[in-house]
Amino acid sequence: MTPTRTFTLLDENSQLLCELPVLKGTIGPDVIDVQALYKNTGMFTYDPGFTSTASCSSDITYIDGEKGILLYRGYPIEQLAKRGIFLEVCYLLLYDELPTADELTAFEQNITMHTMVHDQLTNFFKGFRRDAHPMAIMVGVVGALSAFYHDALDITSKKDRDLSAIRLIAKVPTIVAMCYKYSIGLPFMYPNNKLSYVENFMRMMFATPCDDYVPNPVLVDALERILILHADHEQNASTSTVRLAGSSGANPYACITAGIACLWGAAHGGANEAVLNMLKQIGDVSEIPKFIARAKDKNDSFRLMGFGHRVYKNYDPRAKLMRATCYEVLEELGLHDDKLFKLALELERFALEDPYFIEKKLYPNVDFYSGIVLHALGIPTNMFTAIFAMGRTIGWIAHWDEMISDPEQRIGRPRQLFVGATPRDLPPQHR
Ligand code: ACO
């Protein structure tokens, strides 16, 4: 990247401290390149939560949070969601461009051939309690993949990286479904190569060896869309975690596991589960004002889950699409009067009219409506974040691959503002 201009830093006496290059992306705000700051001034920048820091350059996903725009490789999320083919989006995120029809078929076949997991991996599940949270099992089992697929762990080899990417996209849904089956004490279902990616996942979730499951096309489309909407979101917490883990040269399975662990938090991917629990807790429209008041009370830790976003200061475009998907799914299932959906719509209306939420630009995010769709699909609440992880795996792996291929890549190593004790000697009795 060639700097377009410089940013001049002066000290308190207006003396030149240093000049920093300003970099221009294809769209979005300019970026001050502070790499030479410490060398030239002996100072670091201080930015807890990275609110003003670009940690890398990337050409995968672009968000304009003020306008509510989300693009994958330049394509608007609305258009990709309308086409509704998750594996097409995976190809786009992984290989930069949309696939031709033949490329997509070959990609789908490749993924299909890798959906089974090593049979010995099933032993891992037996080590977990049946009531373990699915994300706890995901962290353990996805992490274990590097112990099974170490034939292709040379991260400097594009061929190995591609194979690991295919294996992760293919096997994560199998593992998610296994988490569910294990939790309810039913046998694992093998993948079926005749089915599409999403149909296959739904069958592994809901079929049993005694009863087959014929996926409903409307529900399949809804899940395709959910996965597309969750596929990537530039440098969010879990993706940054994957990049940071990968920057040391860790293997892709370990890095994706780090992402899964980060995603689990309620401020991130755990919010979809938290939203549904919150709606159940609110219980009735008449209780909404009480919960809105609690969300605004600084002495109360309660937050309106599914509301607010670090980047979006406008309606999250994914939430709009998710709300539309809610209508479609509930209509298909004859659940027009779904209590939770009605409650969610009312809660959204109340919040969007409230001066606190208006002033702080707090809008529904993707998690606000996704739980209602997943609930309607028959997916239990504690599985929601695992479904998010299934969709986000492609984003994590695309960013990991981009980072490894970046000639500017170095180990991620933030600095700190030290506020602890200055040097002192041990007391005599401790010497
Ligand atoms: N309910 C009530 N108040 C809120 C909410 C909320 N959901 N979100 C933010 N605020 C308030 C904060 O109290 C803060 O107020 P203050 O300025 O008076 O201190 C202000 O809005 C800014 O909030 P921050 O937490 O500083 O914003 P940040 O960008 O750090 O956090 C986050 C964003 C974590 C998403 C936050 O909005 C939140 O906790 N939301 C609820 C959890 C959630 O839905 N997470 C999913 C995010 S999307 C995703 O990961 C897929």
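Determine, yes or no, whether Tyr363 is of a type in the set (Ser, Thr, Tyr) and under 30 Å from Asp47 (Cβ atoms). If you could, list the steps in order and put the result at the bottom.
Values: of a type in the set (Ser, Thr, Tyr): yes; under 30 Å from Asp47 (Cβ atoms): yes.
Here the answer is yes, as Tyr363 does meet what is asked.
Scanning segment 246-275 for residues that are part of a loop (DSSP other than H, G, I, E, B) and within 16 Å of the ligand (Cβ to nearest atom), which turns out farthest from Val176 (Cα to Cα)? Working first, answer last.
If we filter segment 246-275 for residues that are part of a loop (DSSP other than H, G, I, E, B), which is where we start, we get 247-251, 264-270.
Next, only the ones that are within 16 Å of the ligand (Cβ to nearest atom) stay: 264-270.
Values: Trp264: 14, Gly265: 18, Ala266: 19, Ala267: 21, His268: 19, Gly269: 15, Gly270: 15 Å.
Of everything passing the filter in segment 246-275, Ala267 is farthest from Val176 (Cα to Cα).
Hey, any hits in segment 320-335 for a residue that's free of Cβ contacts under 8 Å to residues at least 60 places away in the same chain and in contact with a strand residue (DSSP E or B) (Cβ under 6 Å, 6 or more places away or on another chain)?
No: segment 320-335 contains no residue that is free of Cβ contacts under 8 Å to residues at least 60 places away in the same chain and in contact with a strand residue (DSSP E or B) (Cβ under 6 Å, 6 or more places away or on another chain).
Filter segment 349-370 for residues that are within 26 Å of the chain's Cα centre (by Cα), surrounded by fewer than 16 Cβ atoms within 10 Å (Cβ to Cβ) and touching a residue at least 40 places away in the same chain (Cβ under 8 Å); which is farthest from Lys296 (Cα to Cα)?
In this case the residue turns out to be Lys361.
So that you can scan it fast, the table gives a plain yes or no per residue for (1) modelled with pLDDT under 95; (2) aliphatic (A, V, I, L, M); (3) in contact with a Cys (Cβ under 6 Å, 6 or more places away or on another chain); (4) within 24 Å of Gln416 (Cα to Cα):
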residue: Leu17; (1), (2), (3), (4): yes, yes, no, yes
residue: Gly28; (1), (2), (3), (4): no, no, no, no
residue: Val34; (1), (2), (3), (4): no, yes, no, yes
residue: Leu37; (1), (2), (3), (4): no, yes, no, yes
residue: Tyr46; (1), (2), (3), (4): no, no, no, yes
residue: Ile63; (1), (2), (3), (4): no, yes, no, no
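Per-residue answers, yes or no, for (1) modelled with pLDDT under 95; (2) in contact with a Gly (Cβ under 7 Å, 6 or more places away or on another chain); (3) among the basic types (Lys, Arg):
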site	(1), (2), (3)
Glu348	yes, no, no
Lys360	no, no, yes
Val366	yes, no, no
Phe388	no, yes, no
Thr393	no, no, no
Phe418	no, no, no
Thr422	no, no, no
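Checking the conditions here, which among Glu224, Glu234 is of a type in the set (Asp, Glu), buried (at least 17 other Cβ atoms within 10 Å of the Cβ), more than 20 Å from Pro134 (Cβ to Cβ) and away from the ligand (no atom under 16 Å from the Cβ)?
Working: Glu234 fails: away from the ligand (no atom under 16 Å from the Cβ).
After applying the criteria, what remains is Glu224.
Condition first: in a helix (DSSP H, G or I) and either in contact with a Gly (Cβ under 6 Å, 6 or more places away or on another chain) or buried (at least 23 other Cβ atoms within 10 Å of the Cβ) (or both). Can you find one or more residues in segment 147-160 that meet it? Reasoning before the result, please.
So the first thing to find is which residues in segment 147-160 are in a helix (DSSP H, G or I), and the list is 147-148, 150-152, 158-160.
From what's left, either in contact with a Gly (Cβ under 6 Å, 6 or more places away or on another chain) or buried (at least 23 other Cβ atoms within 10 Å of the Cβ) (or both): none.
No, segment 147-160 has no match at all.
Out of Phe201, Phe206, report the one residue that is touching a Pro at 6+ places or on another chain (Cβ under 7 Å) and touching a residue at least 24 places away in the same chain (Cβ under 8 Å).
Phe201
Using the structure shown, decide if Ala324 is more than 27 Å from Pro355 (Cβ to Cβ) and either of a type outside the set (D, E, K, R) or modelled with pLDDT of 95 or more (or both).
Values: more than 27 Å from Pro355 (Cβ to Cβ): yes; either of a type outside the set (D, E, K, R) or modelled with pLDDT of 95 or more (or both): yes.
The answer is yes for Ala324.
Need pairs with beta-carbon distance below 8 Å; first residue under 19 Å from Leu340 (Cβ atoms) and within segment 300-315, second assigned to a loop (DSSP other than H, G, I, E, B) and within 6 Å of the ligand (Cβ to nearest atom); sequence gap 6+ or separate chains.
As it stands, the answer is Leu304/Leu362; Gly306/Asn365; Phe307/Leu362; Phe307/Asn365, since those pairs meet every condition given.
Considering Ala266, Ala222, which residue is under 30 Å from Arg413 (Cβ atoms) and of a type in the set (A, V, I, L, M)?
Numbers: Ala222 fails: under 30 Å from Arg413 (Cβ atoms).
The conditions single out Ala266.
Mind telling me which of the residues Glu328, Glu346 ends up being closer than 28 Å to Arg203 by Cβ, charged (D, E, K, R), surrounded by fewer than 23 Cβ atoms within 10 Å (Cβ to Cβ) and away from the ligand (no atom under 16 Å from the Cβ)?
On the way: Glu346 fails: closer than 28 Å to Arg203 by Cβ.
Glu328 is the lone residue from the list that is closer than 28 Å to Arg203 by Cβ, charged (D, E, K, R), surrounded by fewer than 23 Cβ atoms within 10 Å (Cβ to Cβ) and away from the ligand (no atom under 16 Å from the Cβ).
Could you look through segment 293-310, keep only residues that are more than 6 Å from the ligand (Cβ to nearest atom) and not in a loop (DSSP other than H, G, I, E, B), and pick out the one that is surrounded by the most Cβ atoms within 10 Å (Cβ to Cβ)?
Keep residues of segment 293-310 that are more than 6 Å from the ligand (Cβ to nearest atom), which gives 293-294, 296-302.
Add one more test, that the residue is not in a loop (DSSP other than H, G, I, E, B), and what stays is 293-294, 296.
Details: Ala293: 13, Arg294: 14, Lys296: 17.
Only one residue tops the list, namely Lys296.
Considering (1) assigned to a loop (DSSP other than H, G, I, E, B); (2) out of contact with any His (no Cβ under 8 Å at 6 or more places or on another chain); (3) touching a residue at least 12 places away in the same chain (Cβ under 8 Å); (4) not acidic (Asp, Glu), say which one Ser58 fails and leave the rest.
Failed condition: (2).
Of all residues in segment 276-292, how many are over 30 Å from Ile63 (Cβ atoms) and either within 9 Å of the ligand (Cβ to nearest atom) or not hydrophobic (A, V, I, L, M, F, W, C) (or both)? Don't jump to the end; show me each part of the working.
Applying the first criterion (over 30 Å from Ile63 (Cβ atoms)) to segment 276-292 yields 280-281, 283-287, 289-290.
Next cut, either within 9 Å of the ligand (Cβ to nearest atom) or not hydrophobic (A, V, I, L, M, F, W, C) (or both) only: 280-281, 283-284, 286-287, 289-290.
Final tally of qualifying residues: 8.
Of Arg203, Arg243, which residue is in a helix (DSSP H, G or I) and closer than 30 Å to Phe50 by Cβ? Working first, answer last.
On the way: Arg203 fails: closer than 30 Å to Phe50 by Cβ.
Step by step, each of Arg203, Arg243 is checked, and only Arg243 is in a helix (DSSP H, G or I) and closer than 30 Å to Phe50 by Cβ.
Show the residue pairs meeting these rules: Cβ distance below 7 Å; 6+ apart or different chains; first residue within segment 28-51 and on the phi > 0 side of the Ramachandran plot; second residue surrounded by 13 or more Cβ atoms within 10 Å (Cβ to Cβ).
If the second residue must be surrounded by 13 or more Cβ atoms within 10 Å (Cβ to Cβ), the pairs left are Gly28/Tyr62.
Looking only at segment 29-51, which residues are closer than 22 Å to Trp396 by Cα and either assigned to a loop (DSSP other than H, G, I, E, B) or among the small types (Gly, Ala, Ser) (or both)?
Residues of segment 29-51 that are closer than 22 Å to Trp396 by Cα, as a first pass: 49-51.
Across segment 29-51, the qualifying residues are Gly49, Thr51.
Which of the residues spanning segment 259-285 are touching an Asp or Glu at 6+ places or on another chain (Cβ under 6 Å) and surrounded by 24 or more Cβ atoms within 10 Å (Cβ to Cβ)? Show your work before the answer.
As a first pass, look at segment 259-285 and keep what is touching an Asp or Glu at 6+ places or on another chain (Cβ under 6 Å): 271-272, 275, 285.
Matches in segment 259-285: Ala271, Asn272, Val275.
The values are calculated or read from the model by the stated rules, or taken from the named source; none is laboratory data. Worth saying up front: this structure is predicted, and the values here are computed from it rather than measured. Cβ atoms come from the backbone with ideal geometry, glycine included; neighbour counts cover every protein chain shown.
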